[in-house]
Amino acid sequence: MTLHDTAEFSKKGGLTIVLSFILILLLVFFFKIGNFIQTILFPPKIAPPNEAYGKLPPINFPQSTVHGQFTYTINTIDGSLPQNFPDRLIVYPMIISQPNLLNLDNAKSVMASWGFIDQAGNPLTEIPLGGPIYEWNEPSGFQRKIIYNIINQNFTMTSNYLISLIVLNAQNLGDQNGAINTVQTFLNNANLFPTDVDITLTQNPPPDKKYYTTPQLFSIINGELTPTTSLSSAQVIRVDLYQKEIDYSLIAGKDQNLTHFQNFDMKMPILYPHPPFSTMNFLVASGQNEADVVSAIFNHQSINLQPNQQATYPIKTARQAYDELKNGKAYIAAYNGTSNQILINKVYLAYYIGNTQQDYLMPIIVFEGQNGFFAYVPAITNNTLQ
């Protein structure tokens, strides 16, 4: 080839490359435009919640002890309800304890570890109350009485601590941290301290989370517990235990919109019937030589956080839940104020565990206001409940 032929060939080759590049750009452009138009006309959707357990039983809230005709005003930081709830949440099955032939023998060992023994060191005789419920009575000392479920190991303990001179003198009471240790020792001696309890939520709860509380101080006045803020005047310390927050990620629609979905990182607390208190609470007072548990309510339910199949259920929007609250369809869990005008300062998602056995860990939408106001609305949409 001559120099002229080489130059012409190079020009044609360069032009071909430029034209090919422009053609590729046009194809990419039209492809993206086509996808954009298709997305507008036929937006992608996430699969709906799988409702793996079928229709769920409704939450069995207790009878509310708060009464009044309340009106509500949204008083959140931005003055509005949340609009970023996922369209679904995971529902976990609970672990249901099964009876076996060793239940009663194990219960006797628990009672022995707590000092329910006679002078010979033998466990005190149990009193059957029907089904798995048994009673043990201590004849001396604080005269403790325990009503104990030998299958799920939940129990209620009472005593005569309100009239005990040892308790009233409070010589061995100790402080709040000591009371927590007393409760831990009490449960550990019977191998009953739950693995899903987060003791730091009792020791040092986050100040913005009003549904937890540090140990509370009480004086005994005229045979009744009276709150006090001074350890020097305290004779009883109440300790509440809380289960760990539920932490997971899921891909979900945003506020019931299946065409706008994203990955949600959920970290939801477990709330109980009467916040900031738990279904696992203990009264610690002075004993003969050291602090001791003199009264207790222990209702613990274990959660299966690794089921064979992850079950997701559709939930209400914050607006739908707020409408139910205004229409008197919420459970008022706590309130220590006197006004019927409630300012709602926070709205968030949580899980609920009550005093009675439930088959599933169910989510709730929580409305939190001034003066310890808490209201719960079941989060699962009504059409997926039995």
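All of the numbers you see were taken from the coordinates with simple rules; none came from a lab. Nothing here was measured: the structure is a model prediction, and the numbers come from that model. As a convention, Cβ positions derive from the backbone with ideal geometry for all residues, glycine included, and neighbour counts pool all protein chains shown.
Mind checking the full-extension length gain between Thr73 and Gln370? Use 0.36 nm per residue of separation minus the Cα-Cα distance, one decimal, nm.
Gain in length upon complete extension: 105.8 nm.
Over all alpha-carbon pairs in segment 137-261, figure out the percentage whose distance exceeds 26 Å.
Tail of P(r) above 26 Å: 39 percent of Cα pairs.
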(Q) Under 15 Å from a point placed 7 Å out from the Cα of Ala47 along the Cα-to-Cβ direction: which residues of segment 303-318 have their backbone N that close? (A) 309-314
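Multiply the residue separation of Gln288 and Ser113 by 0.36 nm, subtract the distance between their alpha-carbon atoms, and state the gained length in nm to one decimal.
The span from Gln288 to Ser113 would gain 61.3 nm if fully extended.
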Q: With springs only between Cα atoms under 10 Å apart, run a GNM on the chain and tell me which of Ile364, Ile46, Ile17 wobbles the most.
A: Ile17
Q | Backbone N within segment 145-164 under 15 Å of label point (7 Å from Ile133 Cα along the Cβ vector) | A | 146-158
Q) Given the options Tyr242, Tyr360, Tyr134, which has the most mean-square fluctuation in a GNM of the chain, springs set between C-alpha atoms less than 10 angstrom apart? A) Tyr134
Q | Residue with peak Gaussian network fluctuation, the chain [Cα springs, cutoff 10 Å], from Lys45, Lys316, Lys32 | A | Lys32
Q | q = 0.12 Å⁻¹, segment 270-339: log10 I(q)/I(0) [Debye, one scatterer per Cα] | A | -0.65
Q: Quick one: which residues, 5+ away or cross-chain, put their amide H under 5 Å from the amide H of Thr228? H built at 1.01 Å from N.
A: Leu217, Phe218, Ser219
Q: Quote the relative contact order of the chain in percent (integer), defining contacts as alpha-carbon pairs under 8 Å separated by 6+ residues.
A: 23 percent
(Q) Could you give each residue of segment 88-101 its phi-based ³J(HN,Hα) in whole Hz, using Karplus coefficients 6.51, -1.76, 1.60 with θ = phi - 60°, and x for Gly or Pro? (A) 8, 9, 7, 10, 9, x, 8, 8, 9, 5, 10, x, 8, 5
(Q) Let me test this: with uniform point scatterers at the alpha carbons of segment 87-208, what is the Debye-based log₁₀ I(q)/I(0) at q = 0.15, 0.22 1/Å? (A) -0.89, -1.37
Q) Can you give me the Cα centroid spacing of segment 47-113 and segment 310-386 in angstrom? A) 10 Å
Q.
Compute for segment 316-386: radius of gyration divided by Kirkwood radius, i.e. Rg/Rh, restricted to C-alpha atoms, rounded to two decimals.
A. 0.97
Q.
Using only Cα atoms and rounding to the nearest 10 degrees, what angle (0 to 90) does helix 3-41 make with the longest principal axis of the chain?
A. 40 degrees
**Q.** Using a Förster distance of 22 Å, the FRET efficiency for Leu305-Asn257 (Cβ separation, nearest 0.05)
**A.** 0.20
Q | Virtual paramagnetic centre 7 Å along Cα→Cβ of Arg319, amide N under 12 Å, in segment 231-273 | A | 255-257
Q) When the Karplus curve 6.51 cos²θ - 1.76 cosθ + 1.60 is applied with θ = phi - 60°, which whole-Hz ³J(HN,Hα) does each residue of segment 283-288 get, with x for Gly and Pro? A) 9, 10, 9, 5, x, 5
Q) How far apart, in nm, are two points set 7 Å out from the Cα along the Cα-to-Cβ line at Asp175 and at Leu385? A) 4.5 nm
**Q.** Efficiency of FRET between Ile96 and Ala120 - r from beta-carbon atoms, R0 41 angstrom, step 0.05
**A.** 0.65
Q: For the chain, count the residues as N, evaluate 2.2 N^0.38 Å, and divide the Cα radius of gyration by that value, please.
A: 1.43
**Q.** Ranking of His67, His274, His300, His260 by count of other Cβ atoms within 10 Å, fewest first
**A.** His67, His260, His274, His300
Q: Using θ = phi - 60° and the Karplus relation 6.51 cos²θ - 1.76 cosθ + 1.60, list the HN-Hα couplings for segment 212-221 in order, rounded to whole Hz, with x at every Gly or Pro.
A: 10, 9, 6, x, 9, 9, 9, 9, 9, 10
**Q.** Separation of the Thr158 and Leu19 label points, Cα + 7 Å toward Cβ, nm
**A.** 9.8 nm
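Quick check: convex hull of the Cα atoms in segment 74-146, volume per residue, rounded to a whole Å³?
Cα-based convex hull of segment 74-146, divided per residue, equals 231 Å³.
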